[in-house]
Amino acid sequence: MDIMKSFSLEGKVALITGASHGIGMAIANAFAAAGATVCFNCSSESSRVRALEAYKANGVDAHGYVCDVCDEEAVKALVAQIKEEVGVIDILVNNAGIIKRIPMLEMSAEDFRQVIDVDLNAPFIVSKAVIPGMIEKGHGKIINICSMMSELGRETVSAYAAAKGGLKMLTRNICSEYGEYNIQCNGIGPGYIATSQTAPLRERQPDGSRHPFDQFIIAKTPAARWGETEDLMGPAVFLASDASNFVNGHVLYVDGGILAYIGKQP
Ligand code: NAP
Ligand code: GCO
């Protein structure tokens, strides 16, 4: 076995949902560097154009599409278009996601449903559209972007935690149902990563001091820092590559040690 070659994504077609910036874009850049042809979707044309420019500036020839991951017909059409223009998808990363930070008793059922729709129903919809092609091809990799909230709760994120906890179990179920077709479905559970999703939690205070949540996360993380999107690149390439062919139904937490740590004594 050529161990270094087993990490290569040469000749593979990857779809990373919601890769117009943030974690998805870092993963797409990593896949491209490892040899894959990368496709991504996002929710608006302006976002698609901006992302294509950023990929180009990084030397990546990405294929970008506008597609709402919650719209089943649009997702089917996207997968068919990618097959036509690029090829059958070998690697899917269910990354697109949203969060609404609202105390549960103040949250409307509509807001709750919207979060569940993007963060849980959509990975089901996109996986369902992609798996038949993987079965036909004889292999496939699905990576679901989970969260600390796949394991933990906290004030204001009931919908997000319910969705990400569900996504962990969808991961195990896809593994259970399609493992025999040489499809590996795993999750990545990022810790607190500096992106636009977490920007409100890192805003400087009027006096220039760090946001209390920012201080809380640094104290709660053995690595004593926020994660960068680059921290997810190696783990994603591993789970997308032949190097992880017997890893299935697992969630790899990339969290600087948060889940291992009880916290500093006062
Ligand atoms: P982000 O910067 O807000 O990016 C979210 C991406 O999802 C964007 O590309 C956005 O597209 C896309 N998107 C949202 N709704 C969509 C829809 N309905 N259809 C298609 N695309 C949609 O978020 P991020 O921080 O990189 O997070 C990426 C994933 O990691 C999410 O699932 C998030 O929950 C998860 N995560 C994040 C952290 C963290 O600390 N940041 C930690 C753990 C897990 P547009 O740009 O077009 O809107
Ligand atoms: C929050 C954060 C988290 C992170 C991430 C942690 O409000 O607590 O946004 O949910 O984004 O998912 O892994």
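The values are calculated or read from the model by the stated rules, or taken from the named source; none is laboratory data. Since this is a predicted model, take the numbers as computed values, not measurements. Counting neighbours? That spans all protein chains shown, and the Cβs are built from the backbone with ideal geometry, glycine included. SASA here: full protein model, heavy atoms, side chains in, ligands and nucleic acids out. Shrake-Rupley method; radii C 1.70, N 1.55, O 1.52, S 1.80 Å.
Miscellaneous remarks
- Taking the charge dipole of the stretch 150-243 about its Cα centre, with +1 at Lys and Arg Cβ atoms and -1 at Asp and Glu Cβ atoms, the residue from Gln215, Ala240, Ile183 reaching farthest to the positive side is Gln215.
- Rg and Dmax of the chain, both derived from C-alpha coordinates alone, stand at 18.2, 59 Å.
- Bridgeable lysines around Lys100 (alpha carbons under 20 Å apart, same-chain partners fewer than 8 residues away excluded): Lys164, Lys168.
- Think of the stretch 6-142 as having a plus end and a minus end, set by charges on the Cβ of Lys, Arg, Asp and Glu; of Leu105, Asn58, Leu92, Asn58 sits farthest toward the positive end of this dipole.
- Rolling a 1.4 angstrom probe over the protein heavy atoms with all chains in place gives the stretch 24-63 an accessible area of 44 Å² per residue.
- By accessible area with a 1.4 Å probe, ligands and nucleic acids excluded, highest first: order of Arg172, Arg204: Arg204, Arg172
- Taking the Cα centre of the stretch 1-144 as reference, the dipole from Cβ charges on Lys and Arg (+1) and Asp and Glu (-1) amounts to some 360 debye.
- Taking all protein chains together and a 1.4 Å probe, the residues Met134, Met169 rank Met169, Met134 from largest to smallest accessible area.
- Net charge dipole size for the chain [Lys, Arg +1 and Asp, Glu -1 on Cβ; Debye, nearest 20]: 580 debye
- With DNA, RNA and ligands ignored, accessible area of Glu151 (1.4 Å probe; Å², nearest 10): 90 Å²
- Its relative contact order, with pairs defined as Cα atoms under 8 Å and 6+ residues apart, puts the stretch 25-183 at 21 percent.
- Whether the stretch 22-104 is rounded, prolate or oblate, judged on the alpha carbon gyration tensor where a/c under 1.5 counts as rounded: oblate
- When the chain is described by a simple charge dipole with +1 on each Lys and Arg Cβ and -1 on each Asp and Glu Cβ, the residue from Val115, Thr17, Ile135 located farthest towards its positive end is Val115.
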